[in-house]
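This report concerns only the one structure given below.
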Amino acid sequence: MGQNNYNGALQKPIASGFNATSTTTDVIKGIDLTGKIAIVTGGDSGLGLETTKTLTSAGATVIVTARDTEKAKQNLIGIDNVEIERLELTNPVSINAFAEKFLASHRPLHMLINNAGVMWTPLQRDERGYEGQFSTNHLGHFQLTAKLWNALKKANGARVITVSSSGHHYSPVLFEDVNFNTRNYDKFEAYGQAKTANILFTVELDKKAQPFGVRAFTLHPGVIFETNLTRYLGVEDFVSLGVLHADGTPNAETEAALKKILKTKEQGAATSIWAATSPQLNNIGGVYLEDVEITNYDPNSYNSEAAKINPPGIPGVAPFALEPEAAQKLWALSEELTHTKFNVE
């Protein structure tokens, strides 16, 4: 019987030796990735670019997927051992085409880093009618991982890293209406639902995949303002988040709290790098990480309202993101919505 992180069974810090200020350079020190193959979705900008730079610096070959390959080429100039491929996570045809091309190369896949994502967007739907944040952040990566399964198995020790967020505290997965067909759309709740799905997917994937040498991890990278993810926010959103007062003036208390936890991109990508490469995690999986450590789990400290009045988010992982029933139900729903049978065998 393998491990599983249902109800936080494995959510215990392991004294990694790193912390919130650790950088990708700190984490990758002494690790040789020569001959290893990685795929990083959205690996041409933001935290994805830092992840790509770090993995290639340690000798890995990184396949960077991007919606705009010309822009990706410009962003990746000067970085060796990089291949660029087009991928649109809301388009199942694009996902299948990318996966088939990679599988045709007959290479193993040692690291799949599901990094790309959107945050706090207005209501958008993909061509199937699915809500955009759920489609991009979860469904696309679920289908991609499923299609690359044989390459992951071939690696004899692969890792699947899915970038979540402390924003998952905003909402569980509401199975009765994941696509906001009948309930009023709330971009914060939609983001929270998608990021909770990332965690539930990781919990279930690790349980199923570990007999084949594949482990899965999910994480909160931290609060980083050096990315473009908040581009959809207006003044009223910053008021609702508590960053601004109702009259539009800054909230000094919130500003002070943010300054204490803000990270650089190098610090923000450090947890992804640790999850993908550290030997400290060789015998565990299915866990939620933050600040380059397995975060502690205390279900009694969770308050669903706390995230809505605390803009930086609350630490740790919400109980609803580790529920076995929800993890299993999400897997079945994801297969149904993507028309993709993910047989882990």
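The values are calculated or read from the model by the stated rules, or taken from the named source; none is laboratory data. Note that the coordinates shown come from a computational prediction; the quantities given were computed from them, not determined experimentally. Here Cβ is always computed from backbone atoms with ideal geometry, including for glycine, and neighbour counts include all displayed protein chains.
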Confirm whether G248 is crowded, with 16+ Cβ neighbours inside 10 Å and either at pLDDT 60 or above or of a type in the set (A, V, I, L, M, F, W, C) (or both).
-> no
In region 82-107, which residue that is more than 23 Å from E50 (Cα to Cα) and in a loop (DSSP other than H, G, I, E, B) is nearest to the chain's Cα centre (by Cα)?
-> T90
Using the structure shown, decide if N296 is polar (S, T, N, Q), modelled with pLDDT under 95 and in a helix (DSSP H, G or I).
-> no
Region 103-120 residues that are at pLDDT below 95, paired with ones that are aromatic (F, W, Y) and surrounded by fewer than 24 Cβ atoms within 10 Å (Cβ to Cβ) (beta carbon under 6 Å, 6 or more apart) | W120/Y232
When you look at G117, is it in a loop (DSSP other than H, G, I, E, B) and closer than 24 Å to V214 by Cα, yes or no?
-> yes
Is it the case that L10 is touching a residue at least 60 places away in the same chain (Cβ under 8 Å) and either touching a Leu at 6+ places or on another chain (Cβ under 6 Å) or under 20 Å from K265 (Cβ atoms) (or both)?
-> no
Is it the case that some residue within region 181-203 is surrounded by 20 or more Cβ atoms within 10 Å (Cβ to Cβ), in contact with a helix residue (DSSP H, G or I) (Cβ under 7 Å, 6 or more places away or on another chain) and not in a helix (DSSP H, G or I)?
-> no
Count of region 49-81 residues which are in a loop (DSSP other than H, G, I, E, B), under 18 Å from H110 (Cβ atoms) and touching a strand residue (DSSP E or B) at 6+ places or on another chain (Cβ under 6 Å) | 2
If we keep just the residues of region 129-180 that are free of Cβ contacts under 8 Å to residues at least 40 places away in the same chain and either of a type in the set (V, I, T) or more than 24 Å from T271 (Cβ to Cβ) (or both), which is surrounded by the fewest Cβ atoms within 10 Å (Cβ to Cβ)?
-> E176
Which residue, of V82, V40, V64, is more than 17 Å from E100 (Cα to Cα), buried (at least 19 other Cβ atoms within 10 Å of the Cβ) and of a type in the set (A, V, I, L, M)?
-> V82
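Yes/no per residue for (1) in contact with a Pro (Cβ under 9 Å, 6 or more places away or on another chain); (2) modelled with pLDDT of 95 or more; (3) surrounded by 14 or more Cβ atoms within 10 Å (Cβ to Cβ); (4) at positive phi:
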position: N4; (1), (2), (3), (4): yes, yes, yes, no
position: G17; (1), (2), (3), (4): no, yes, no, yes
position: K29; (1), (2), (3), (4): no, yes, no, no
position: T56; (1), (2), (3), (4): no, yes, yes, no
position: I77; (1), (2), (3), (4): no, yes, no, no
Residue match in region 166-178 (condition: part of a loop (DSSP other than H, G, I, E, B) and under 25 Å from V292 (Cα atoms)) = yes
Would you tally the residues in region 122-165 being of a type outside the set (G, A, S) and assigned to a loop (DSSP other than H, G, I, E, B)?
-> 9
